[in-house]
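Shown next, in structure tokens, is the structure this report addresses.
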Amino acid sequence: MASMRVILPNRGLTAFQARSSSFRCRNMSILNPSAAKPAAAGSHLSNLEQLLRKQELQAAAASKSQESLQQPVPRGDSVSSSGGGGGVLYRLNLARIWPEMKAAEEMSPKNLNRLQRLLSMTPQYSPRNDLGSRWREYHGSHHWAGLLDPLDENLRREVVRYGELIQAAYQAFHLNPEMPTGSPPGPHHVAVPDRSYKVTKSLYATSSVGLPRWVDELAPGWMTQKSSWIGYVAVCDDQKEIRRMGRRDIVIALRGTTTCLEWAENMRAQLVRPDDYHDGDNSKLTPGHEPKVECGFLSLYKTRGAHVPSLAESVVEEIRRLVELYKGESLSITITGHSLGAALAVLVADDLSISITHNIPPIAVFSFGSPRVGNQAFADRVIARGVNVLRIVNDQDLVTRVPGPPVFGGDHYADVGVELRVNTRMSPYLKPSADMACCHDLEAYLHLVDGYLASNCPFRANAKRSLVKLLNEQRSNVKKLYTSKAKALTLNLQVHEESTLMAGVGPYYRSCPVTSSLPSPSG
């Protein structure tokens, strides 16, 4: 079969080559499967955007080509030129080349219904397959070989579920960020989205550095406090879910950077030996190839607070207790984190691998947007100790590339574990020029994982994760086509809901609920 060339609307992508011998993706939707032409039946869409715009471009480009010659390029979606406000590039009618520069005015009823469904999803959980005897494989026993490219649908569900547990940590912190100054903190409430898990322990991280007095006076108290709530330990206690997963799962979920002192620790990029570190004491490093980690991350992990133990002490003590409590059962330890929390997750996994000496369960790390944690010797040690690490990385996320190589020689930072790489430009909803905050955002990560099929496949057309939180948090980075339609649909649905209530027709769903959890994707 001859190769087929499909021009993608995203500026960052040029052409997509699909050959029947090398392009095989499961769950791939086909454009017009009932069409009479064989060529159309074999055409794969790069993303949902082409579905929405195919008919519009044919009519709109012809009727509005004269208008496009005088219209300036919109901000945010523009392709800059040295000519400034007008010139040759405008006369080339770039709307034909980059359709996202010109917002479509109409959608087909089918696509409007799809967008409405994605905006109207209430918190629910899609059916999950029985992992059974394969749970160790999904937990990384074979380093996820054969499950990442293309992405196994069961693994996709598990990855998104662990990401939602991190979102619960973020929400719990922002609902109650203050730490008492003269007494130990009280119980910290966490609304876990997966109700099969029960929270058993709150975790705190403490900084060993200080801030200038003027910062302490200007910033809110929780922004400058030395100790902060950073996550929790939870255990699956639902027997049905335990049977589905094939074991009882113990989860450690850690949020990312929030306070000023956490940001300050992130900047302490010198490498130190983890076994010789004590509360910020940076002694001279012994030359050689010993494992080393970033000083700031280690400080947050091992420093004790005035009224709370260190993160290291808390997590090791609680995991030892749970392992003893459920002795004789099939157990797993899963550590999941985003950004700073992802870096701390690797330190936790490394520590647990040597601290739990009797009947240690399999340990896996699912990290989102993690910076580099240590040098190559440290990365090798983590893997050698039997820890399985899956790094979910957005290709446009700069945080995953730091700390970089040393300026004046010395030891180098290295990535730990296996990588699942996603790409903002593959989403039909996000702008190719999405800013750094969007590319590092956890909800954007979960959106990209939900739509990921394989490295040589476009965004899957049957992705079902709700767009509500993505629109609420990253509206400026969502393409105007969807923000405008979302606004119109929201107004229409609200009118419908009000009329439904007045008619006394029972419960209804809100078009844009602000919820702590979102529907997990279905296959």
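The values are calculated or read from the model by the stated rules, or taken from the named source; none is laboratory data. Just so we're clear, the structure is a prediction, and the values are computed from it rather than from any experiment. Using ideal geometry, Cβ is built from the backbone for each residue, glycine included, and neighbour counts are taken over all protein chains shown. Protein only, heavy atoms only, side chains kept; ligands, DNA and RNA dropped before computing areas. Shrake-Rupley method; radii C 1.70, N 1.55, O 1.52, S 1.80 Å.
Before moving on, here are some points about what is shown:
- Flag for Asp411 being touching a residue at least 12 places away in the same chain (Cβ under 8 Å) and within 19 Å of Leu298 (Cβ to Cβ): yes
- Given (1) in contact (Cβ under 8 Å) with a residue 40 or more places away in the chain; (2) touching a strand residue (DSSP E or B) at 6+ places or on another chain (Cβ under 9 Å); (3) over 30 Å from Arg460 (Cβ atoms), index of the condition Pro184 fails: (2)
- Subset tally (residues that are at pLDDT 80 or above and open to solvent by 10 Å² or more (accessible area, probe 1.4 Å)) for the range 478-489: 2
- Residue under evaluation His189, criteria (1) of a type outside the set (Phe, Trp, Tyr); (2) part of a loop (DSSP other than H, G, I, E, B); (3) open to solvent by less than 30 Å² (accessible area, probe 1.4 Å), criterion not met: (3)
- Subset of the range 398-423 (residues that are of a type in the set (Val, Ile, Thr), at pLDDT below 95 and in contact with a Pro (Cβ under 8 Å, 6 or more places away or on another chain)): Val402
- Qualifying residue in the range 374-391 (condition: within 25 Å of Ala234 (Cα to Cα) and under 12 Å from the mean Cα position of the chain (by Cα)): yes
- Only one of the listed residues (Arg385, Arg391, Arg372) is open to solvent by 10 Å² or more (accessible area, probe 1.4 Å) and over 24 Å from Asp441 (Cβ atoms). That residue is Arg385.
- Residue in the range 368-381 that is touching a Lys or Arg at 6+ places or on another chain (Cβ under 8 Å) and of a type in the set (A, V, I, L, M, F, W, C) present: yes
Here is a yes/no grid of residues against (1) touching a helix residue (DSSP H, G or I) at 6+ places or on another chain (Cβ under 6 Å); (2) open to solvent by 50 Å² or more (accessible area, probe 1.4 Å); (3) more than 23 Å from Val323 (Cβ to Cβ); (4) not hydroxyl-bearing (Ser, Thr, Tyr):
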residue: Asp149; (1), (2), (3), (4): no, yes, yes, yes
residue: Asp152; (1), (2), (3), (4): no, no, yes, yes
residue: Pro184; (1), (2), (3), (4): no, yes, yes, yes
residue: Lys201; (1), (2), (3), (4): yes, yes, no, yes
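- Failed criterion for Arg304 (all others in (1) touching a Ser or Thr at 6+ places or on another chain (Cβ under 6 Å); (2) open to solvent by 10 Å² or more (accessible area, probe 1.4 Å); (3) within 20 Å of Val416 (Cα to Cα) hold): (3)
- Qualifying residue in the range 443-461 (condition: more than 24 Å from Tyr170 (Cβ to Cβ), modelled with pLDDT of 95 or more and either β-branched (Val, Ile, Thr) or not in a loop (DSSP other than H, G, I, E, B) (or both)): no
- Any hit, the range 415-423, residues being farther than 21 Å from Ile335 by Cβ, surrounded by fewer than 22 Cβ atoms within 10 Å (Cβ to Cβ) and in contact (Cβ under 8 Å) with a residue 60 or more places away in the chain: no
- Within the range 256-267, not a single residue is among the aromatic types (Phe, Trp, Tyr) and more than 23 Å from the chain's Cα centre (by Cα).
- Members of the range 347-361 found to be within 14 Å of Leu322 (Cβ to Cβ) and either hydroxyl-bearing (Ser, Thr, Tyr) or in contact with a His (Cβ under 6 Å, 6 or more places away or on another chain) (or both), listed by number: Ser355
- Residues located in the range 425-453, provided they are surrounded by 21 or more Cβ atoms within 10 Å (Cβ to Cβ) and of a type in the set (A, V, I, L, M): Met426, Leu430, Ala434, Leu442, Ala444, Leu446, Leu448, Val449, Leu453
- Filtered residues of the range 325-352 (kept if open to solvent by 20 Å² or more (accessible area, probe 1.4 Å) and free of Cβ contacts under 8 Å to residues at least 60 places away in the same chain): Leu325, Lys327, Gly328, Asp351
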